[in-house]
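Have a look at the structure below, then the notes.
The values are calculated or read from the model by the stated rules, or taken from the named source; none is laboratory data. Bear in mind the structure is a predicted one, so any value in this text is a computation, not a measurement. Don't worry about glycine lacking a Cβ; one is built from the backbone with ideal geometry, like all the others, and counts go over all protein chains shown. Quick note on the areas: whole protein, heavy atoms, side chains included, nothing else; ligands and nucleic acids left out. Shrake-Rupley method; radii C 1.70, N 1.55, O 1.52, S 1.80 Å.
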Amino acid sequence: MGGREMAPHAPQRSEAPRQSRGAPRYPYRLLPLWFFLVTLALWQIASRLDHPDFVLSPVEIARHFIEALRSGELLPHVGASLVRALPGFVIGSLVGVILGLTAGVARSLDQLLSPVVFLTYPVPKIVFLPIVMLWVGIGDVSKILIIALACFYPCFINAYYGARGTPTLMVWTGLNMGARRSQIFRKVVVPSALPLVFAGLRVSLALSFILLFSTEMINARSGLGFLIRQSESSLRFDLMYVAIVAVAMLGYASDQLLLLVRRHVLAWQETTSR
């Protein structure tokens, strides 16, 4: 009797977690948006109080941003910044990923590169800018090389540990089935390391815009970093905020584009995790 009475209650306990897991999470996904909107609203309200002239409200910044787009004052600087940031990101990330994956599976290359990489990683890469300028001049090439140098390290380290973290069982299984080492590298090591590779790419993308701002503050005639420095020195605080917002928008748009590529490339990972 006791066992038959308890049986109908068992499915009810097992259904509760399923219902909680299947509950919609849309309100939680909107929390960052609400936090951003509330911050802007508080900023706008606080701007009605007494404040220095260099503090502008969000509405004023948005109005100046639209005016800068219409007048054509902003777009040339955006183009100049992208011409420096994107090649530096692509070159540094590509070299970092290739060498990191290779060092993760080749002991000789690991012993050659890893000590140098991990020793120089903590050094701020902007300090190499004067040296690079002496080698290649003060033009865009020096700025691209510094950005590429900064992007190299996160990509190398993440690709290195991604390759080192490949399950040994998968490698030995492929070898026992007759696969060559090159096939193991392409079809086992690289897919296993891709999640960490994309994590390194996101860090490198953010660093490319940080170093872009720093390099354009020195001996530059165009670009968003140059625009910020020039606007500050000429007390054009409206244009300074416009350039800062432009950097933030470019960085966010680039990060979202990279996440879109990641979801497409790693679609197999989401399928297998379900």
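Worth pointing out:
- Area accessible to solvent at residue 173, 1.4 Å probe radius, in Å²: 60 Å²
- Farthest towards the positive end of the charge dipole of the chain, among the residues 179, 158, 223, is the Cα of 179, using unit charges on the Cβ of Lys, Arg, Asp and Glu.
- Size of electric dipole in the stretch 47-124: Cβ of Lys, Arg +1 and of Asp, Glu -1, about Cα centre, debye, nearest 20: 300 debye
- The stretch 152-274, dipole about Cα centre (Lys/Arg Cβ +1, Asp/Glu Cβ -1), debye to the nearest 20: 620 debye
- The portion of the accessible surface of the chain made up by carbon and sulfur, rounded to a whole percent, is 68 (1.4 Å probe; DNA, RNA and ligands excluded).
- Mean ellipticity per residue at 222 nm, deg cm²/dmol - from DSSP H runs of n ≥ 4 across the chain, formula -39500 (n - 2.57): -25500 deg cm²/dmol
- Multiplying the residue separation of residue 119 and residue 82 by 0.36 nm and subtracting their alpha-carbon distance yields 10.3 nm.
- Kyte-Doolittle mean at least 1.0 and Cα axial length at least 27 Å: DSSP H helices in the chain: 75-105, 140-164, 190-216, 237-265
- Of 164, 263, 180, the one that fluctuates the most in a GNM where the chain has Cα springs shorter than 10 Å: 180
- Check: the chain dipole with +1 on Lys, Arg Cβ and -1 on Asp, Glu Cβ, in debye: 1240 debye
- Stretchable slack from residue 111 to residue 60, in nm (0.36 nm times residue separation minus alpha-carbon distance): 12.8 nm
- Once both labels are positioned 7 Å from their Cα atoms along Cα-to-Cβ, the gap between residue 233 and residue 95 label points is 3.1 nm.
- Shape category assigned to the chain from the gyration tensor of Cα positions, a/c cut at 1.5: oblate
- Neighbours of residue 187 by Cβ distance under 15 Å: Lys/Arg scored +1, Asp/Glu scored -1, total +3.
- Take every pair of alpha-carbon atoms less than 8 Å apart whose residues are at least six positions apart; their mean separation over the length of the chain yields a relative contact order of 21 percent.
- Taking amide H positions as modeled 1.01 Å from N, with prolines and chain starts lacking one, no residue 5 or more places away or on another chain lies under 5 Å from residue 138.
- Each of 126, 66, 184 has its accessible area taken with a 1.4 Å probe; listed largest first, they run 66, 126, 184.
- Solvent-accessible heavy-atom area per residue, rounded to whole Å², over the chain at 1.4 Å: 63 Å²
- Ordered by 1.4 Å accessible area with all protein chains kept, 177, 133, 170 run largest first as 177, 170, 133.
- Low-density loop cleavage sites - trypsin sites (Lys or Arg not before Pro) in the stretch 195-245, where at most 14 other Cβ are within 10 Å (DSSP): 221
- Given their separation in residues at 0.36 nm each and the Cα-Cα distance between them, residue 49 and residue 34 gain 3.0 nm when the chain is fully extended.
- Checking every one of the trypsin sites (Lys or Arg not before Pro) in the stretch 93-148 against DSSP loop status and a limit of 12 other Cβ atoms within 10 Å picks out no site at all.
- Three principal axis lengths of the stretch 41-131 [C-alpha, angstrom, descending]: 64, 30, 29
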